[in-house]
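Quick notes on the structure that follows.
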């Protein structure tokens, strides 16, 4: 049993998960949902290419005309580089988007592993 635990721990080192960061964003949009979805599809590859971003989940509430995302970054430096990037600047200045809320979070590793979080 101990060998199994040691193997599992070596695959998912606490140091790795402690350095990973979550970014949760929320904002309003003033275009139709279809127009927003088109914009998102056009930008998806640019977000996929962000250095240090392991994944992004896109969110939408069509009734409230709100959208957002949950991102997993490999570390604090990657998150901060992303936040100061031209990509983020272009999103924050887009005339169809407003009321931005960006929150950085750490990860509760043990509980997240139990609930099968898509951590890497």
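Laboratory data are not the source of any read-out in this text; all were calculated from the coordinates shown. Predicted, not measured: the structure shown is a model, and the values here were computed from it. Because the Cβ atoms are built from the backbone with ideal geometry, glycine has one as well, and the counts that use them run over all protein chains shown.
Taking label positions 7 Å along the Cα-Cβ direction at both residue 85 and residue 42, the computed distance is 1.9 nm, reported to one decimal.
With helices as the sole contributors, the chain gives -12500 deg cm²/dmol at 222 nm; each DSSP H run of n ≥ 4 counts as -39500 (n - 2.57), and the sum is divided by every residue.
What is the calculated FRET efficiency for residue 49 to residue 19, with r their C-beta to C-beta distance and R₀ = 30 Å, to the nearest 0.05? The calculated FRET efficiency here is 0.90.
Springs join every pair of Cα atoms under 10 Å in this Gaussian network model of the chain, and among 78, 28, 93 the largest mean-square fluctuation is at 93. Each Cα pair under 8 Å and six or more residues apart adds its sequence gap; the mean of these over the residue count of the chain is a relative contact order of 39 percent.
With R₀ set to 22 Å, the beta-carbon distance separating residue 61 from residue 105 gives a calculated FRET efficiency near 0.65. From least to most packed, judged by other beta carbons within 10 angstrom and beginning with the fewest, 115, 25 follow the order 115, 25. Modelled label positions at residue 112 and residue 76, each set 7 Å beyond Cα in the direction of Cβ, lie 1.6 nm from each other.
Placing one equal scatterer on every Cα of the chain and applying the Debye formula, the log10 ratio I(q)/I(0) at q = 0.12, 0.13, 0.15, 0.23 Å⁻¹ is -0.51, -0.59, -0.73, -1.37.
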